[in-house]
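Written out below as structure tokens is the structure these notes cover.
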Amino acid sequence: MAASLFVNTLHVCFESVLGMDNAEMVAMFESLVATGLTGFLGWPAVIHEDALLEFFANGSVRDELVVSNVNGVPVEISEKLLVETFELLVEGLTDLTDIPKDVVFDARSIFSLSGEPVSTSGKKRDMKIEFRLLCDILEKTISVKVGSFNSITMEKFLMLTAIVCGVRINWTSIVFNILKKMVTQGSKQAKGYAVQISLLLENVPNLELGESSEFPSSKILTERTIHRYIVLNEKVGAEEAADAPKVKKPPVKRAVSRKRPAVALLENVPNLELGESSEFPSSKILTERTIHRYIVLNEKVGAEEAADAPKVKKPPVKRAVSRKRPAVANADVPVVKRKRTTKSKSVSSKENLEMVAVAQETVPIQIIEPIPAALADDEVEEQPAVEVAAETSVQEPTAEHVDEQMDETTADEETTVENITEPAVAPTRGGNTHVC
């Protein structure tokens, strides 16, 4: 259908918009007039839908001309024809990327709504309202793009910069290149220029176009439609601001109202019988009791979830290696027992004698009959080795001598008596004592 060729197209009634009370809008449209695009955007909006469909169906590019066939009549469109028909400028830059970078940088701050430089690939909501409208005009009527119109592209931003900052652009070359893409098979360029092509076809000799239709008045920018555009955009901006995540502020504690809730709206309708009424369930009313129950239930659920959660395995802790000897030795390894040695006092002798441990047996206490003094003297004389050892301190008695003494004592013990008396102790010369 031919309506798809101009469904998004916008045209401007410059007489109406230049007389608006909005100074920012008037300044924007005055900069648009200075570009020489008034003829291309503001001609009487008349459309020949059938001729348009046939033009694009048979259109192609040949020898830098846009050619087609409408109702059997050949049609050729050139840059010269565009200049003569719409009074477009032919001087200036033919490539928008040649606009100076410092101008583009300044334009980012000029277009900004918040004062922060806008991005060349951001959203139109970050721009002032007059530049949003200019962006829509260029996008829908000049470059003719399809899809979302909320984003800013580099091409649109450069067009805005050229118009607002007064950079001279060869709009004839730009518009003609877009028209060539429209009639090229397989091109992604959307088809448009319905009003402009209809006007060009009216000037082709011997071409019958048939009936025409007026361009929708809602697509023509006047003071009224621009005012409606402003209101709608402000409303959308307010909704986007409301949907945006808000910064959480500390809660303000307010006094609890004890007033009864307002009566339902239906009760205020005159001559309306509502019938019986019922009370709202008390369990659905947030009170101190219900809120306390809500907290308890949520804490319980949280504790159950924490208990069911898989425990995180902690990495093993590397303990310090003990330098102590292990308490339990290996059963297979024989334990070497160390011999216990004792140190004796040094004795002034020529040879070091070995210390021999003597195990003494328990001897029952016995009473020996009194021995005559003469016999006692003989026994003392029979032990010269002990006296010599005490006087000279050469050597200590050995185990053999001790055994001989024990044998002698045993031989003399012949009788056992009932009464026990203490043995007599006889001192010797060397300080040693002997038990008799």
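The values are calculated or read from the model by the stated rules, or taken from the named source; none is laboratory data. Keep in mind it's a predicted model, so treat the numbers as computed, not measured. Here Cβ is always computed from backbone atoms with ideal geometry, including for glycine, and neighbour counts include all displayed protein chains. Please note that ligands, DNA and RNA were not included when accessible areas were found on the heavy atoms of the full protein model with its side chains. Shrake-Rupley method; radii C 1.70, N 1.55, O 1.52, S 1.80 Å.
Brief remarks follow.
- Hey, residue 183 modelled with pLDDT of 90 or more and either open to solvent by less than 40 Å² (accessible area, probe 1.4 Å) or within 24 Å of residue 95 (Cα to Cα) (or both) or not: yes
- Applying a threshold of 6 Å to beta carbon distances and a minimum spacing of six or more residues, or different chains, the list of pairs starting in region 216-229 at a residue that is acidic (Asp, Glu) and ending at one that is open to solvent by less than 60 Å² (accessible area, probe 1.4 Å) and not in a helix (DSSP H, G or I) reads 223/20.
- Each residue in region 20-43 was checked for being open to solvent by less than 50 Å² (accessible area, probe 1.4 Å) and either assigned to a loop (DSSP other than H, G, I, E, B) or in contact with an Asp or Glu (Cβ under 6 Å, 6 or more places away or on another chain) (or both), and 8 of them qualify.
- Selection within region 69-87 - surrounded by fewer than 16 Cβ atoms within 10 Å (Cβ to Cβ) and charged (D, E, K, R): 76, 80, 84, 87
- Qualifying positions in region 46-68 - closer than 23 Å to residue 173 by Cα and either part of a loop (DSSP other than H, G, I, E, B) or open to solvent by 30 Å² or more (accessible area, probe 1.4 Å) (or both): 58, 59, 60, 61, 62, 63, 64, 65
- If you filter region 219-249 down to residues that are outside any helix (DSSP H, G or I) and at pLDDT below 85, you find that the one that is farthest from the chain's Cα centre (by Cα) is 249.
- Test: residue in region 93-109 that is open to solvent by 10 Å² or more (accessible area, probe 1.4 Å), at pLDDT 90 or above and in contact with a Phe, Trp or Tyr (Cβ under 8 Å, 6 or more places away or on another chain): yes
- Checking 163, 137 one by one, the residue that is part of a helix (DSSP H, G or I), modelled with pLDDT of 90 or more and more than 23 Å from residue 228 (Cα to Cα) is 163 and no other.
- Residues (open to solvent by 10 Å² or more (accessible area, probe 1.4 Å) and not charged (D, E, K, R)) located in region 133-151: 144, 146, 147, 148, 149, 150, 151
- Any hit, region 114-132, residues being modelled with pLDDT of 90 or more, farther than 21 Å from residue 196 by Cα, among the acidic types (Asp, Glu) and open to solvent by less than 40 Å² (accessible area, probe 1.4 Å): yes
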